[in-house]
Structures are given as structure tokens and as C-alpha cells.
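The values are calculated or read from the model by the stated rules, or taken from the named source; none is laboratory data. On a predicted model such as this, the values are computed, not experimentally measured, just so you know. Neighbour counts are summed over all protein chains in view; Cβ atoms, including those assigned to glycine, are modelled from backbone coordinates with ideal geometry.
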Amino acid sequence: MSWLGGLKAKVLVSEPLTKHTTIKAGPKAELWIEPLDKEDLMALIKKARSLKKEYFILGLGSKVLFKKKRIPLVIHLGSENFKRCVVEGNDIIASAGVALNKLLAFAYENGLGGLEFLNGIPASVGGALMLNAGVGWPVRLEIGTFVYEAEVMDKLGRIKTLSQEELKFEYRRSNLKSYVILGARFRLFKKRKKNIRIKMEKFWDYRKATQDLDYPSAGCVFKNCDGQSSGRLIDLCGLKGKRIGDARISARHANFISNLGKADAKDILSLMKLAQRKVKAKFGITLEPEIQIV
Ligand code: EPU
């Protein structure tokens, strides 16, 4: 570990990823590193590159399933320097490590509306941008719509600001995959705090009513295809409640896989494959994972 000399980062050895994924599964990260600030991150990325060390950037772990047995290095933007929110007129500039609930609380305090639909999504700003987090009810709403610019670091450790024109957001996808997201400027609009609160509650109530929040999960495991709810398709295949090991297709929303205790990636992937097979056979539709499988 002498290669880490000179970094100011917090370093943990053998850190269980069960602690850092919402589905609570995965092996241990051989190294878990939280850089102190952008300069420290830059130094870390440059070192990792020169030594050809593979790394994975993990936010709040809501859309990731680690299937590999060996995860050498996870970088997490968890230091206070990556958790800052600043307001400038109708804009909020948020660092990548800010949790969406903090961002929403900050927007509420400043009377800025637009992002209420994100209420209840257990992601960081970085993760939410990477996957263009959003909802499909009552209409399709996605975080990317509100991003005016994003600050990123490339694989060589160079910092860039990408403008709205350079950013591409699609359904559960962005063109940010090759970067480490450092933060974003959200362009919002003035709104009465009371109305912000009402809207946030509306989205939270819908989430509570339709999703399975009783057990650890990764949210929807498959993307919707051609506007069809994958949950509905899996449900129509009669798979609700199907269990493999400690993983179970939720009886409430069939696009959710619950971890009943000690589910491992193998159990979860077996259930995903089963759902894919059945949906393909019945509807001719190929379900594409929404979660990132590492
Ligand atoms: N439905 C069923 N059975 C199920 C699940 C759903 O019949 O097991 C029916 C519902 O009754 C409803 C329709 O399918 O009539 C749509 O269900 P829902 O409103 O739950 O939406 P969804 O299309 O299944 C999408 C997003 C969710 C998001 C919700 C609500 C995807 C893959 N999923 O789900 O996102 O929260 O809309 O806005 O786009 C996530 O990405 O993790 C996620 C949960």
C-alpha cells in the first residue's frame, strides 16, 4: 500500500460492500478510499492509472450489484469537501457526494422547486446524474433536465466543466460514464416552500404505496422497455414472491428484488435471469438491467 503515500485520503482495508449497497450484498473491497478533496482525488486517479489499478467509483450504492469476488479498489466521494451545496440565484451547485435528500432539503430551504420528484431515491448527486435518475409517474421526470452544467474529472485527472449542450441524458443513461462526476449546477425555479413540500410528499406517498421498502433492494432492477412497466411484465409471468436463497421477487412490485437476509449476487442474478427468460418467452421482450453489475 506504499503507493498511497502522500494522499490525504481516508483508507479502509477489507471494507464490506454489504455496508455500502442498498441491496446489502457484495464482497469486501480490498481498499476503500475516500479522497479528501479534488486535488487528492486527482493524485489518486493519476497513481491508480500509472500503476494500472482498476477502480470503481461508488456513490450511495443504490443501483449496483457486485458479482465479482474480488474488488480491488473502490473510491467513494464521502469527505465533507464532496458534500457541499451552494445557492446562486435560482441555481444550486451541488457536489457529487451530496445525498439527494440533502439536496432536496437545501432546495426547499431556499424556495427552489423542480427536483421534488427525486424524493425518496437513495442516491448521491453523482450516481443520480450518471444514471439520469427519474420517475415514470405521473409523467417521465428526470434529473438531467435540470442540470445546467456538470463538473467532471477525466481518466487523466483533468477537471472539465461540461455545458448543457455537451451533456446527454437519456432514459437511465448519460454520457458521463468515462468520468468521475464532481458536481453539478442545477437550474431550478422559485416556488413557495409549502408547494415544494406538498409535491415532495406526493412523490414519497406514491413510492410508499407502490414500492417494496420493507427489505433492502436496488430499486427497479430492469429498465422499462417501450413504455411498458417491466414490473408489470414480470408480475404477469406469475413471478411475484419467487425466492432463490435469500433473494425474493417482491410481492408488491415485481421489478424489485428483496434481500431477505444474506442474499448474495448469485441468488439475485439467478432471479434476474429467470425473470428475463420468462418475460422473453411470454412477451418476446428482452429485459435490460437498470442496475450496474460489476
Ligand atoms: N405494476 C404491476 N405489477 C407490478 C408492478 C407494477 O401490475 O409488480 C403496474 C402498476 O400497477 C402500474 C404500472 O405497472 O399500473 C406501472 O407501475 P409503477 O408506477 O410502479 O411504475 P414502473 O413503470 O414499474 C417506474 C420506474 C420506477 C419509478 C416508478 C414511478 C423504471 C424501471 N421504473 O416504474 O423507478 O419509481 O416508475 O415513477 O423506469 C427505479 O428506477 O429504481 C424505480 C423504481
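If you take the residues in the range 207-232 that are part of a loop (DSSP other than H, G, I, E, B) and out of contact with any strand residue (DSSP E or B) (no Cβ under 8 Å at 6 or more places or on another chain), which one is surrounded by the fewest Cβ atoms within 10 Å (Cβ to Cβ)? Full working, then the answer.
So in the range 207-232, the residues part of a loop (DSSP other than H, G, I, E, B) come out as 211-219, 221, 223-224, 226-227, 229.
This time we only want the ones that are out of contact with any strand residue (DSSP E or B) (no Cβ under 8 Å at 6 or more places or on another chain), so: 213, 224, 226-227, 229.
Working: L213: 17, N224: 20, D226: 5, G227: 7, S229: 18.
It comes out as D226.
When the range 89-132 is filtered for residues that are of a type outside the set (A, V, I, L, M, F, W, C), within 16 Å of the ligand (Cβ to nearest atom) and in a helix (DSSP H, G or I), the ones remaining, listed by number, are N101, E116, G127. The residue of the range 1-41 that is surrounded by the most Cβ atoms within 10 Å (Cβ to Cβ), among those that are farther than 23 Å from N259 by Cβ and of a type in the set (G, A, S), is A9.
Scanning the range 153-184 for residues that are touching a strand residue (DSSP E or B) at 6+ places or on another chain (Cβ under 8 Å) and more than 19 Å from L131 (Cβ to Cβ) yields D154, I159, K160, T161, S163. Scan the range 233-247 residue by residue and report those that are more than 13 Å from the ligand (Cβ to nearest atom) and either out of contact with any strand residue (DSSP E or B) (no Cβ under 9 Å at 6 or more places or on another chain) or among the charged types (D, E, K, R) (or both). Scanning the range 233-247 gives R243, I244, G245, D246.
Figure legend. Inter-residue proximity from the range 165-183: first residues in contact (Cβ under 8 Å) with a residue 60 or more places away in the chain, second residues of a type in the set (S, T, Y), beta-carbon distance below 7 Å, spacing 6+ or different chains. Indicated pairs: L182/S95; G183/S95.
Are any residues in the range 22-72 within 28 Å of L271 (Cα to Cα), in a strand (DSSP E or B) and out of contact with any helix residue (DSSP H, G or I) (no Cβ under 8 Å at 6 or more places or on another chain), and if so, which ones? Outline the logic, then answer.
Filtering the range 22-72 for residues within 28 Å of L271 (Cα to Cα) gives 22-30, 55-72.
Filter again for in a strand (DSSP E or B), leaving 28-30, 56-57, 64-65, 71-72.
Scanning the range 22-72 gives E30, F56, V64, P72.
Does the range 104-122 contain any residue that is surrounded by fewer than 19 Cβ atoms within 10 Å (Cβ to Cβ), charged (D, E, K, R) and either within 17 Å of Q164 (Cα to Cα) or out of contact with any Pro (no Cβ under 6 Å at 6 or more places or on another chain) (or both)? Yes, the range 104-122 contains at least one residue that is surrounded by fewer than 19 Cβ atoms within 10 Å (Cβ to Cβ), charged (D, E, K, R) and either within 17 Å of Q164 (Cα to Cα) or out of contact with any Pro (no Cβ under 6 Å at 6 or more places or on another chain) (or both). Here is a check on your reading of the model: is F82 within 30 Å of S230 (Cβ to Cβ), modelled with pLDDT of 95 or more and aromatic (F, W, Y)? Spelling it out, it is not the case that F82 is within 30 Å of S230 (Cβ to Cβ), modelled with pLDDT of 95 or more and aromatic (F, W, Y).
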